[in-house]
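**Student:** Could you have a look at this structure, given as structure tokens, before my questions?
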Amino acid sequence: MITKLRDVTIRQLRALASVAVGGSVTAAANKLHLTQPAVTLQLRNLQQLCGLPLLQRTSDGMVLTPAGQELYTLFERIEAAIESCATSLDMITGRTGGRISIGAVSTAKYFVPFAISAFSKLHPGMDISLTIVNRQDIRQALRSYALDFAIMGHPPPDIELDRHLIGDHPHVVIAPTGHRLANASGLSAVDLAHERFVSRKPGSGTRFLMEQFFENSNLEPQIGMEMSSNETIKQAVIAGLGIAFISAHTVAVELKEGRMITLDITGLPIIRQWFVVRRKDKVLLPPAQEMLDFLVENGRQFLPQAPLGHGGTDPGPAPAR
């Protein structure tokens with residue numbers, strides 16, 4: 001089997017990947033600018049080399065079998081290696097100062113661009129790509145070798161990663177100015193039991209932390225509205241639609257401007273951490289390694305500063321999602 005796999009070609013793997021993504025030979029042919037018989041031939045030859053079925057026809061189109069998924073993973077690694085080699089050749093020939101691919105979870109958008117800006121001033125020839133997506137998409141991008149490294153709060157446990165601490169990530173409860181509890185101190189979860197919360201949807205790390213905080217007091221928060229973004233939550237709180245448990249880094253500007261307040265609650269802020277992570281088996285070219293080193297050494301200084309409540313606690317790691 002190993003000997004036969006050495007005869008696999010990149011064209012065969014691209015044909016398989018295109019069918020997997022498009023769901024049909026027709027879609028793959030259009031993407032690859034080939035005829036359908038040509039794509040079918042590539043798939044047939046690939047399957048003969050493997051000796052196993054690679055695709056399964058379903059009502060939703062063609063999907064990968066377990067063997068097909070293994071080859072798709074191989075394809076992703078090869079494509080990443082080709083991209084890395086292309087970058088190296090461009091650097092050798094002087095066509096570019098180097099490309100760096102960074103991923104960050106949505107909450108990190110409040111400080112990562114400032115870190116990139118500072119690094120770019122020191123290294124103006126670098127071509128930096130920043131992708132802001134949710135944690136699940138970051139996990140997939142790391143798994144497929146699409147990123148040099150990522151900035152996130154809860155590194156996925158199913159990928160072997162090198163992780164470096166950037167700094168603390170506090171979470172607080174915000175309220176509109178003039179809220180009835182604005183001047184109270186030493187509040188507890190019980191004092192919030194009848195408040196309406198504007199919250200992220202179930203499955204988010206922030207939602208987990210909020211629920212954990214209330215569970216410690218055998219309570220459940222009253223969810224008045226669920227929203228998909230921190231920006232919408234902030235506007236809802238400012239408009240007086242409720243209070244919210246949120247990352248302090250997302251509201252630093254609004255708090256300084258007096259557009260909202262944090263409630264003084266015992267046990268808050270809850271402190272998590274920010275990490276910059278990379279796959280252990282991902283070979284970083286010098287530009288990416290240089291920026292990784294920059295973030296590890298200087299990343300903390302770019303974290304937003306916001307007024308926080310008294311005390312702090314950490315309920316333990318959030319579940320893998």
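The values are calculated or read from the model by the stated rules, or taken from the named source; none is laboratory data. The structure displayed is predicted, hence computed values, not measured ones. Neighbour counts are summed over all protein chains in view; Cβ atoms, including those assigned to glycine, are modelled from backbone coordinates with ideal geometry. These area figures cover heavy atoms from the full protein model, side chains too; ligands, DNA and RNA do not enter into them. Shrake-Rupley method; radii C 1.70, N 1.55, O 1.52, S 1.80 Å.
**Student:** Could you pull out the residue among Ala27, Ala15, Ala38 that is farther than 19 Å from Glu79 by Cβ and small (Gly, Ala, Ser)?
**Tutor:** The unique qualifying residue is Ala38.
**Student:** State yes or no: is Ile100 at pLDDT 90 or above, open to solvent by less than 70 Å² (accessible area, probe 1.4 Å) and assigned to a strand (DSSP E or B)?
**Tutor:** In short, yes.
**Student:** For region 270-282, give me the residue count where each residue is modelled with pLDDT under 95 and either open to solvent by less than 20 Å² (accessible area, probe 1.4 Å) or more than 30 Å from Gln140 (Cα to Cα) (or both).
**Tutor:** Total meeting the criteria: 2.
**Student:** In addition: Is it true that some residue in region 78-91 is open to solvent by less than 40 Å² (accessible area, probe 1.4 Å) and assigned to a loop (DSSP other than H, G, I, E, B)?
**Tutor:** No, region 78-91 contains no residue that is open to solvent by less than 40 Å² (accessible area, probe 1.4 Å) and assigned to a loop (DSSP other than H, G, I, E, B).
**Student:** Next question, about the same structure. Name the residue, out of Ala175, Ala193, that is crowded, with 18+ Cβ neighbours inside 10 Å, touching a residue at least 12 places away in the same chain (Cβ under 8 Å) and over 25 Å from the mean Cα position of the chain (by Cα). Before you say what the answer is, go through the steps one by one.
**Tutor:** Details: Ala193 fails: crowded, with 18+ Cβ neighbours inside 10 Å.
Just a single option satisfies the conditions, and that option is Ala175.
**Student:** Pick out the one residue from Ile102, Ile138 that is out of contact with any Lys or Arg (no Cβ under 9 Å at 6 or more places or on another chain), closer than 15 Å to Val276 by Cβ and in contact (Cβ under 8 Å) with a residue 40 or more places away in the chain.
**Tutor:** Of Ile102, Ile138, the one residue that is out of contact with any Lys or Arg (no Cβ under 9 Å at 6 or more places or on another chain), closer than 15 Å to Val276 by Cβ and in contact (Cβ under 8 Å) with a residue 40 or more places away in the chain is Ile102.
**Student:** Can you pull out every residue in region 156-172 that is closer than 27 Å to Glu220 by Cα and open to solvent by less than 20 Å² (accessible area, probe 1.4 Å)?
**Tutor:** Selection gives His169, Pro170, His171, Val172.
**Student:** I've got another one for you. Pull up region 213-259, narrow it to residues that are open to solvent by 40 Å² or more (accessible area, probe 1.4 Å) and in a helix (DSSP H, G or I), then point me to the one that is nearest to Val190 (Cα to Cα).
**Tutor:** Per the stated criteria, the residue is Glu215.
**Student:** It is to be established whether one or more residues within region 62-73 are more than 18 Å from Ser144 (Cα to Cα), surrounded by 12 or more Cβ atoms within 10 Å (Cβ to Cβ) and touching a Ser or Thr at 6+ places or on another chain (Cβ under 7 Å).
**Tutor:** Looking for residues that are more than 18 Å from Ser144 (Cα to Cα), surrounded by 12 or more Cβ atoms within 10 Å (Cβ to Cβ) and touching a Ser or Thr at 6+ places or on another chain (Cβ under 7 Å), one finds at least one in region 62-73, hence yes.
**Student:** Right, next: In region 121-156, what residues are assigned to a strand (DSSP E or B) and not β-branched (Val, Ile, Thr)?
**Tutor:** Asp127, Ser129, Leu130, Phe149, Ala150, Met152
**Student:** Residue pairs, Cβ under 8 Å, 6 or more apart or interchain, first in region 4-21 and free of Cβ contacts under 8 Å to residues at least 12 places away in the same chain and within 13 Å of Leu55 (Cβ to Cβ), second basic (Lys, Arg) and surrounded by 11 or more Cβ atoms within 10 Å (Cβ to Cβ). List them.
**Tutor:** Val21/Lys31
**Student:** In addition: Only one of these is part of a strand (DSSP E or B) and charged (D, E, K, R): Arg272, Arg300. Name it.
**Tutor:** After applying the criteria, what remains is Arg272.
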